[in-house]
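Right, one structure below, let's go through it.
No lab work stands behind these numbers, since they all come straight from the coordinates. Since this is a predicted model, take the numbers as computed values, not measurements. Cβ coordinates were reconstructed from backbone atoms using ideal geometry, including for glycine residues, and neighbour counts include every protein chain displayed.
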């Protein structure tokens, strides 16, 4: 179906990534946001708070991140598309509720505008160091989805995709911005509502009494109902059966946890989104994401100008990781180069997928600013030897 | 690819970020170019140092930071002292001439153009519009963007009800810029 025109600010704008992310959420149909503002993500909720009364919906500034990350889940079960917005220190506090969203299969979007960490770190400066936190941050086994925009335009476009994925797979989806993408201003084109595809929640057609909240078909994604529609259901963070009631046995755990990870793993090829540039026949492939992909792009061009055969693979979706594609490339390239604004996180995934077939040269950066294109160029030259 | 790196520096409250915003908007929305704007983001407040980094290019921009600006626009002595030594060889300085004295901090060969923007703004009725005078001056001296595109960007960026004053400020800066640039070439 198409986006509701009320939430779509059609036109050409010169706005920053935070503002564009907010517009993306509104266009996607998000009508409930709870948050505890934190730099460098504050502008997302600031804009949402100003815009939502005109669109119809609700923003609540809550007392902390725990309240925010659980309020959105209540609103999701009341039928809304929901989001919370934070940065690293807030995301750490939200981890308990990330697990609840994963286990109760509550569609929701967590926006993380990444800043330097750990702890309070660098409030106003960039990093990409929460990549493993969103993969593994809450206890237990689950498979999240994470997207990594590299421009204000993508903060708009990919936010719609983030909501669509949350609804399609009923998982917490992480929108992994960083301070530069969040605060950088660029042209953002917002199309007509009729050109924006949004995914409606998978509502059940079953009657109360027939409906079982965690019964699934081959899609592995159960149908949903919302509060007020006359269904009496039970939702719990305990291991549960198809009726949603606690079932604390090894077989119930086996069945549920396997389905939760398989609904993403079995669809990974469909979900994965990489953008490749000159990868075929390349000696060296640079793997990057987010703001670093823009700097890496400049370095790749400089390397090509120097006569090197270099490809660039950008992770638009970081989780699930495109392991299959990296495995294929590992058979043909001399080496991978992985620049990232952390001490080596996604590089571990590239190494895992390459499985020793091609070396992985890491280019870690503790954050606070972005890489110098020259540093990436030097690493490409080293890899090409 | 043609690329111009611009830094705008001054004090919080002078409209430094808005000046950068208007240049970026003019380029990317009204002039068919690409532009990025990065603002120095820290505990800035009214009266403290403030700066914006704008890149304008014919093609998509990868690295958005400005290290050695081709064009430096400064509205305060502190911003001049901090950023003047970084201007790229063959670059250009645009400065508030009642507040800033150009000295040997400016690399040799950098062309300097001054405008009494605060005084002009006061003569127009509000000191606040000095940033728009500077923006007009930038458009007039550099010719990097068309008059119409910057004018439209000014019009769509200032608060409703102040368009007329701001457009007069823009025009004043632009005309002065044309004169200064003609005089030096």
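Listing for the model above:
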read-out: Degrees separating the helix A:42-55 axis from the principal Cα axis of chain A, which is the longest one; value: 40
read-out: Contact order relative to length of chain A, as percent, for alpha carbon pairs under 8 angstrom and 6 or more apart; value: 17
read-out: The stretch A:5-195: radius of gyration over Cα atoms, expressed as a fraction of 2.2 N^0.38 Å; value: 0.92
read-out: Helix A:291-305 vs. chain A, principal-axis angle (Cα, 0 to 90°, nearest 10); value: 30
read-out: Separation in nanometres of the label points that stand 7 Å from Cα toward Cβ, at residue A:255 and residue A:280; value: 4.8
read-out: Residues B:103, A:157 arranged by fewest to most Cβ contacts within 10 Å; value: B:103, A:157
read-out: Proxy reagent accessibility, fewest Cβ within 10 Å first, across A:77, A:136; value: A:136, A:77
read-out: Inter-centroid distance (Cα atoms) of the stretch B:142-161 relative to the stretch A:67-99, Å; value: 41
read-out: Neighbour-count ranking [beta-carbon atoms within 10 angstrom, fewest first] of A:184, A:95, A:83; value: A:95, A:184, A:83
read-out: Taking chain B and dividing mean pair separation by its residue count, relative contact order in percent (alpha carbons under 8 Å, at least six apart); value: 21
read-out: The stretch A:158-212 versus the stretch B:78-105: alpha-carbon centroid distance in Å; value: 47
read-out: Principal-axis tilt of helix A:373-384 within chain A, Cα atoms, nearest 10 degrees; value: 70
read-out: Extent along principal axes [Cα atoms of the stretch B:3-184; Å; largest to smallest]; value: 40, 40, 36
read-out: For chain A: rounded, prolate or oblate by the Cα gyration tensor [a/c cutoff 1.5]; value: prolate
read-out: The stretch B:1-77 versus the stretch A:1-61: alpha-carbon centroid distance in Å; value: 25
read-out: Length-normalised contact order of the stretch A:275-384 in % [C-alpha pairs under 8 Å, at least 6 apart]; value: 33
read-out: Contour excess over end-to-end distance, with Cα ends at residue A:215 and residue A:245 and 0.36 nm allotted per residue; value: 9.6 nm
read-out: Estimated [θ] at 222 nm from DSSP helical runs (n ≥ 4, -39500 (n - 2.57)) normalised by residues in chain A, nearest 500; value: -12000 deg cm²/dmol
